[in-house]
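Student: Mind looking over this structure? Questions follow.
The values are calculated or read from the model by the stated rules, or taken from the named source; none is laboratory data. None of the values given here were measured: they were computed from a predicted structure. Neighbour counts are summed over all protein chains in view; Cβ atoms, including those assigned to glycine, are modelled from backbone coordinates with ideal geometry.
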Amino acid sequence: MGHGKKGHLSGLVRLAFLFFLLSPLVTPPLLSQDTLPEISITIDANNRTINQVLDEITLQTGYYFTYNASLISGNKRVQFHVEDLSLKKTLDSLFQKPRLAYRIIHRNIVIFRKNTSPPSPFNEQIERSVLKGRVVDSRNEKPLPFATIALYGTSLGSISNQEGEFSFKLPGNLSDPILVFSYMGYKKRLVPVSYPLDDKLVVKLEKETIPLQEVIIRYTDPLILLQEAIQRFPRNYLDDHAVMTGFYRESVKRNDHFMIYSEAVLDIAKGPYTPFSAGDQVRIRKGRKITDVSEEDTVMVKLRSGIYTSLTLDVVKNRPDFLSNNSQKLYDLEFTDIMTYGDRLVYVISFQQKSHITDLLFKGQLYLDQETLAILAADFEFNPELIHKAPELFLVSRSPKIRIRPIFARYHVDYRDVEGKYHISQVRAEVQLKVRKKRQWIGARYRISIEMAITDVEPGQRLRISLADRVKPDIVMADQPFEFDPSFWGIHNTIEPEASLKESIQRIEHSLLEIRK
């Protein structure tokens, strides 16, 4: 039985492509303080490890401890006896290291060594230190892609790339910065930054398992959960205008070869998450692109409306059909998991289109904060069993000599908390297509992706973007008159390129240098 509800897609999450034939040559801000509370500690520990002593202090205070293993030997055994001693003096006595300092972030006490040397600027033009690193699973050291990274006490943030790698530009006015790393299903980690910077920091996150008997599930019906989450949108998300800075990138890849890569720093005039509010506006502050077309590339694929799509992927503000008030008519919902994100418990609700509906809809997961029911993230895709029937959904223009078959179209969005109100934090979209020319048996696979990470936000501020500067919905980044400049980004945080992309960029950089000689 058919179901004529394609209008529910509303073009919100489509990536539109242009196909041409070519000639062969062609973190959330967290409550904190630097003064430890006046709590008296009494401990009588014989031959106990420092970790065991800290566990006892946790039981007496309710605070957990975070520190670098190179700074404190947690397995060292000590004889430690104190009675009615203040928390700070207790810790000073336990560690016996005069340069140690303590900072409370939420219910964590971060132990770090104060920096005595100032941060070194990246170069004369960029007055910020650049910390590079990798986020991995603590058990198997597999990379954690798209982990959220926030600079504590500021509105600055970034994400890791698909290989877990990241770079973060640290303002020089922070003498003892702390980075906050978060990943769905893992414990949040607070990492003090020590100067001089390490060549490459490896951040290991621990997977957190939640025993079901410890969780109070207030609602068992996923439909009730989702309906209440939708009703709470006005209270859970920014209710005022905001000015955001975002880093955007898009790429077109033929098999294993990058054909087109574009990236930009965006100024975003974000409207409030309230009904009937004005749409978001954006302008390009800086942009650059590379084009690397080889003799094997006989079909050119260009992405249209990538920036516009990244804004409309804010599914809380631009609700697709699975977040509509009548989503139960289109989708089957299931309560599938409970996990953690940072310090928060998260409900996972899965959805898929009803079996009698033959039109192309979605399937995916929604991640709801257990306490507030705010949607923290969403993973979804067009139904993979039906997507091959709808190639025209993604096409703006193509040569009649080209045949297109969609393989998948996947999307991700997540949100970040600022003073109890959430806003868009990062979005991703990835589409894979099989493309062949007419009368050609073997085609090529094209993978098109977009990513946007919000790197700074100013709630309550308003930005007016002139009509001339405003990004148009149908912009094709690959056609913009950008030049490639390796030192282009200055102080802005960006997403670190993956290894294969780095090779393409380095090859083009070398070619440009040869041309300029």
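Student: Please determine, by comparing only the residues of the range 33-75 that are among the acidic types (Asp, Glu) and not in a strand (DSSP E or B), which one is modelled with the lowest pLDDT.
Tutor: Among those residues, the one meeting the criterion is 34.
Student: When the range 430-449 is examined, which residues are found to be at pLDDT 80 or above and among the basic types (Lys, Arg)?
Tutor: Those that are at pLDDT 80 or above and among the basic types (Lys, Arg): 434, 445, 447.
Student: Now, a different point. Condition check: in contact with a helix residue (DSSP H, G or I) (Cβ under 7 Å, 6 or more places away or on another chain), surrounded by 19 or more Cβ atoms within 10 Å (Cβ to Cβ) and not in a loop (DSSP other than H, G, I, E, B). Does residue 341 satisfy that?
Tutor: no
Student: Kindly indicate whether residue 152 is touching a strand residue (DSSP E or B) at 6+ places or on another chain (Cβ under 7 Å), under 17 Å from residue 37 (Cα atoms) and among the aromatic types (Phe, Trp, Tyr).
Tutor: no
Student: Would you be able to tell me the number of residues in the range 399-441 that are under 26 Å from residue 458 (Cβ atoms) and not hydrophobic (A, V, I, L, M, F, W, C)?
Tutor: Final tally of qualifying residues: 13.
Student: Sticking with this structure for a sec: Which fully enclosed strands (runs of 3 or more DSSP E) of the range 128-244 have 2 or more residues being closer than 26 Å to residue 336 by Cα, at pLDDT 90 or above and within 23 Å of the chain's Cα centre (by Cα)?
Tutor: 128-137, 178-182
Student: Would you pick out the residues in the range 387-404 that are loosely packed, with under 15 Cβ neighbours inside 10 Å and either β-branched (Val, Ile, Thr) or part of a strand (DSSP E or B) (or both)?
Tutor: Answer for the range 387-404, where residues must be loosely packed, with under 15 Cβ neighbours inside 10 Å and either β-branched (Val, Ile, Thr) or part of a strand (DSSP E or B) (or both): just 397.
Student: From 427, 418, which residue is at pLDDT below 90 and either outside the structural domain of residue 255 (by TED's automatic domain parsing) or within 22 Å of residue 182 (Cβ to Cβ) (or both)?
Tutor: When all the criteria are applied, what remains is 418.
Student: Turning to a different aspect of this structure: When both residues are 6+ apart or on different chains and their Cβ atoms are under 8 Å apart, which pairs have a first residue that lies in the range 459-481 and is closer than 18 Å to residue 262 by Cβ, and a second that is in a loop (DSSP other than H, G, I, E, B) and modelled with pLDDT under 90?
Tutor: Within 8 Å, the pairs are 473/305; 474/305; 475/305.
Student: Confirm whether residue 468 is among the small types (Gly, Ala, Ser) and within 17 Å of residue 288 (Cβ to Cβ).
Tutor: no
Student: As an exercise: evaluate residue 351 against (1) buried (at least 21 other Cβ atoms within 10 Å of the Cβ); (2) part of a loop (DSSP other than H, G, I, E, B); (3) over 20 Å from the mean Cα position of the chain (by Cα) and give the number of the one condition it does not meet.
Tutor: If we test residue 351 against (1) buried (at least 21 other Cβ atoms within 10 Å of the Cβ); (2) part of a loop (DSSP other than H, G, I, E, B); (3) over 20 Å from the mean Cα position of the chain (by Cα), just (2) comes out false.
Student: Starting from the range 292-313, take each residue that is in the same structural domain as residue 382 (by TED's automatic domain parsing) and list its partners that are modelled with pLDDT under 60 and part of a helix (DSSP H, G or I), counting only C-beta distances under 8 angstrom and pairs at least six apart or across chains.
Tutor: 292/504; 292/507; 292/508
Student: Looking only at the range 418-474, count how many residues are exposed (fewer than 13 other Cβ atoms within 10 Å of the Cβ) and of a type in the set (A, V, I, L, M, F, W, C).
Tutor: Looking only at that region, the number is 4.
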